[in-house]
């Protein structure tokens, strides 16, 4: 893919990546929404203390399943957000990974937060930046 991929392109890649995850991981994602947006909104960037929307490729918004209780009210659905503009910018800047690999990486990273993993836990098994 050499042209700028569309939101629909990234949605397809994310769906394909999710379908390729082990059944146990997919089962842990029951009720989790995966959304692809153009970029993070100003409120999200402020919450993350980020100024440049191209610095945020993805975000998990919710309560990790390791912290949930069946007696807790469910105020909103847990969501993994993938941000098209930032993902495409990183993909082009790197030049050494496919768009599918990068979308998969971002998706898995955010799903790991849903499953209760910290950034340190993720880094122990996914040394993506190396």
I'm trying to understand the selection: among the residues of region 57-69, which are without any contact (Cβ under 8 Å) to a residue 24 or more places away in the chain and in a loop (DSSP other than H, G, I, E, B)? 63, 68, 69
Output the number of the condition that residue 21 fails; it satisfies all remaining conditions of (1) assigned to a helix (DSSP H, G or I); (2) surrounded by fewer than 17 Cβ atoms within 10 Å (Cβ to Cβ). (1)
Selection over region 36-56 where residues are part of a helix (DSSP H, G or I) and under 12 Å from residue 86 (Cβ atoms) yields a count of 5
The condition of being farther than 17 Å from residue 61 by Cα, modelled with pLDDT of 90 or more and surrounded by 14 or more Cβ atoms within 10 Å (Cβ to Cβ) holds, among 88, 79, 108, only for 88
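Filter region 1-11 down to the residues that are outside any loop (DSSP other than H, G, I, E, B), closer than 10 Å to residue 103 by Cβ and more than 14 Å from the chain's Cα centre (by Cα) and list them by number.
Applying the first criterion (outside any loop (DSSP other than H, G, I, E, B)) to region 1-11 yields 7-11.
Subsequent filtering for residues that are closer than 10 Å to residue 103 by Cβ retains 9-11.
Within region 1-11, 9 is the sole residue that qualifies.
Residue check: is residue 114 under 21 Å from residue 47 (Cβ atoms), surrounded by 15 or more Cβ atoms within 10 Å (Cβ to Cβ) and modelled with pLDDT of 90 or more? Give the derivation first.
Numbers: under 21 Å from residue 47 (Cβ atoms): yes; surrounded by 15 or more Cβ atoms within 10 Å (Cβ to Cβ): yes; modelled with pLDDT of 90 or more: yes.
So residue 114 passes the test.
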Pairs where the first residue, in region 20-49, is closer than 20 Å to residue 115 by Cβ and the second is exposed (fewer than 12 other Cβ atoms within 10 Å of the Cβ) and modelled with pLDDT under 95, C-beta under 6 Å, 6+ apart: 33/77
Which of the residues belonging to region 80-107 are in contact with a helix residue (DSSP H, G or I) (Cβ under 9 Å, 6 or more places away or on another chain) and outside any helix (DSSP H, G or I)? 80, 81, 82, 83, 97, 98
Tell me which of these residue 4 doesn't satisfy, since it passes every other one: (1) without any contact (Cβ under 8 Å) to a residue 60 or more places away in the chain; (2) loosely packed, with under 12 Cβ neighbours inside 10 Å. (1)
I'd like the residue in region 7-18 that is exposed (fewer than 15 other Cβ atoms within 10 Å of the Cβ) and touching a residue at least 40 places away in the same chain (Cβ under 8 Å) and, out of all such residues, is nearest to residue 90 (Cα to Cα). 7
Consider residue 41 against the criteria (1) surrounded by fewer than 18 Cβ atoms within 10 Å (Cβ to Cβ); (2) out of contact with any helix residue (DSSP H, G or I) (no Cβ under 9 Å at 6 or more places or on another chain): it satisfies all of them except one. Which criterion is unmet? (2)
Among the numbered conditions (1) more than 24 Å from residue 42 (Cα to Cα); (2) assigned to a helix (DSSP H, G or I), tell me where residue 72 comes up short. (2)
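The values are calculated or read from the model by the stated rules, or taken from the named source; none is laboratory data. Remember, it's a predicted structure, so these values are computed and weren't measured experimentally. Because the Cβ atoms are built from the backbone with ideal geometry, glycine has one as well, and the counts that use them run over all protein chains shown.
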